[in-house]
1. What distance in nm lies between label points placed 7 Å from Cα along the C-beta direction at Glu218 and Leu185?
2. Please give me the summed charge of the neighbours of Arg118: other residues whose Cβ is under 15 Å from its Cβ, Lys and Arg +1, Asp and Glu -1.
3. Using a cut-off of 12 Å between beta-carbons, work out the net charge of the residues near Arg232 (Lys and Arg +1, Asp and Glu -1, Arg232 not included).
4. With every protein chain in place, what's the accessible area of Asp97 (1.4 Å probe, Å², nearest 10)?
5. Ala222: net charge of surrounding residues, Cβ under 12 Å, Lys/Arg +1, Asp/Glu -1, itself excluded?
6. Once you place label points 7 Å from the Cα toward the Cβ at Asp228 and His247, how far apart are they in nm?
7. Report ³J(HN,Hα) in whole Hz for each residue of the range 182-198, in order, from the Karplus equation J = 6.51 cos²θ - 1.76 cosθ + 1.60 where θ = phi - 60°; Gly and Pro get x.
8. Using a Förster distance of 30 Å, how high is the FRET efficiency between Arg98 and Gln254, based on the Cβ-Cβ distance and rounded to 0.05?
Amino acid sequence: MSSTELPGVRSTAASSSLVGAVRVAEGEQLRTDRLPGLEMAVRVRPPVRTGLPPALFVHGLGGSSQNWSALMGRLADSVDGEAVDLPGFGWSPPPADRDYSVTGFARAVIRHLDAAGRGPVHLFGNSLGGAASTRVAAVRPDLVRTLTLVSPALPELRVQSSAVPTALLAVPGMAGLLVRLTRGLSAERRTRGVTELCYGDPSRVTPEAFAAAVEEMERRIALPYFWDALARSSRGIVDAYTLGGQHGLWRQAQRVLAPTLLVYGGRDQLVSYRMARKAAAAFRGSRLLCLPEAGHVAMMEHPEVVAAAFRELLDATGGGSGSRPDPAGTEHTVQTVNSDEDGKG
């Protein structure tokens, strides 16, 4: 969900008609994939050797493929990684059908994977991207080897008060009101607000990374579809929360067959930490990684810990090359949870 970008990035000339310069981390490449009615920017991290299994990373609301750069770099020896900019975000233009629903984003991911012929992949999703990835894994199990979800946006009955402003974006006319109310806010203040909302410890963002994030915020706000994409995507999350029956996200979570790693942060202000146990019970035989000091974007705050947990998942499923020791001083718990638990948060 974060618009905050990562340290160690450099500018390159933009390859699209959009203004500004795209940022890629050292060793990354950016390309544009075009399908009828769908155009998506794809951030590529070439693997350190041939023959590694493919992986796809899907960001959250207001984020971009760059949210995964740190984790992709740490997993370059384990997977052949690509991260997409969902339609309307990052460097991808809006979808032709203006469908910003969770199902619409899941459909975009499926179309991308089908066209690229890279499936099955190790699929990663954060927040909104986690909800979309859950749908993909449920309806197209042939495309997903493993599923890693970082603070997935799954329905909650008691939404945290800090998440209410995001939900309010879904109300018709609210985006226009917010534009007027925040017109005087600088890109720096907006970026600081996003950082404080999404990080468990905002001090982990270096001055260089913060400056890059401010620059990116300025670029995004200037896009004519910026607020429309946020509003419609927020509405898509709210709509997904209200769906019942076989299309409900919790029901679809129960249908996922791929081995699943769930990552939750104890300081997450957008997805409640109390949902971790319910999610672990819904995804059969899943592994749960709890990071008490992390916020909403654990893959950005603690990429080394998330990478180690993913390697453990690979080892457990027969596809790993050995896990690395966790860095000293990082408190976390990984446990495998059986699907017969009561599922209460």
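1. Rounded to a tenth, the inter-label distance reads 1.8 nm.
2. Around Arg118, the charge tally is +1.
3. -2
4. Roughly 110 Å² of Asp97 is accessible to a 1.4 Å probe.
5. Numbers: positive: Arg219, Arg220; negative: Glu215, Glu216, Glu218.
Value of the local net charge: -1.
6. 2.4 nm
7. My calculation for the range 182-198 gives 10, 4, x, 6, 6, 4, 5, 5, 4, 5, 4, x, 5, 4, 5, 6, 9 Hz in order.
8. With R0 = 30 Å, the Cβ-Cβ based efficiency is 0.45.
The values are calculated or read from the model by the stated rules, or taken from the named source; none is laboratory data. Keep in mind that what you see is a predicted model, and the values were worked out from it rather than measured. Note that we place each Cβ from the backbone using ideal geometry, even for glycine, and neighbour counts take in every protein chain shown. Please note that ligands, DNA and RNA were not included when accessible areas were found on the heavy atoms of the full protein model with its side chains. Shrake-Rupley method; radii C 1.70, N 1.55, O 1.52, S 1.80 Å.
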